[in-house]
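Here's the structure, in structure tokens; my notes come after.
The values are calculated or read from the model by the stated rules, or taken from the named source; none is laboratory data. This is a predicted model, so every value here is computed, not measured. Cβ placement follows ideal geometry from the backbone for every residue including glycine, while neighbour counts extend to all protein chains displayed.
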Amino acid sequence: METNSTFNETFEQLKNILVRHEQDLVLKKDTENDFYLDSNTIMEHNKKNVFFGAVQIKKNYVSFHLMPVYIYPELLEEISDDLKKRMHGKSCFNFKKPDLTLFEELRTLTEKGFIMYEKNNLI
């Protein structure tokens, strides 16, 4: 069983991937176990901001959600098999402890997702 401190460290490192985009997005939540960013674009059909990403501490893992990979699945074409193994669903990656190599890959993927949102006027 992973310790709270391991999950907290994992959460903080994953949160840092998203924080670099905070000034361009809408901060929805920032607590000790939940960090959530939306875009500035409001969807016409539901009047809600477009989700960008989040990090959450769950019971058995820490989740990193990245909506651009759901909207633009081509972003996933070049990710490593190791990162693919961490995927749960279409836009969520789960971790029990920090993994610097995979976190760097997620940082690059997040940057590419942010660029896709910009290109498609979703920021």
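Data for the structure
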{"quantity": "Positions within the stretch 4-32 being of a type in the set (S, T, N, Q) and either within 19 Å of Asn121 (Cα to Cα) or modelled with pLDDT of 95 or more (or both), in sequence order", "calculated": "Thr6, Asn8, Thr10, Gln13, Asn16, Gln23, Thr31"}
{"quantity": "Subset tally (residues that are part of a strand (DSSP E or B), exposed (fewer than 14 other Cβ atoms within 10 Å of the Cβ) and hydroxyl-bearing (Ser, Thr, Tyr)) for the stretch 4-38", "calculated": "1"}
{"quantity": "Scope the stretch 39-62; condition assigned to a strand (DSSP E or B) and farther than 18 Å from Glu22 by Cα; matching residues", "calculated": "Ile57, Val62"}
{"quantity": "Inter-residue pairs, beta-carbon under 8 Å, first under 20 Å from Glu77 (Cβ atoms) and at pLDDT 95 or above and in the stretch 96-123, second polar (S, T, N, Q) and outside any helix (DSSP H, G or I), 6+ apart", "calculated": "Leu102/Ser80; Glu105/Ser80; Tyr117/Ser39"}
{"quantity": "Residue within the stretch 82-91 that is assigned to a helix (DSSP H, G or I), at pLDDT 95 or above and either in contact with a strand residue (DSSP E or B) (Cβ under 8 Å, 6 or more places away or on another chain) or basic (Lys, Arg) (or both) present", "calculated": "yes"}
{"quantity": "Boolean, Met1 is of a type outside the set (D, E, K, R), at pLDDT below 95 and either within 18 Å of Lys119 (Cβ to Cβ) or buried (at least 19 other Cβ atoms within 10 Å of the Cβ) (or both)", "calculated": "no"}
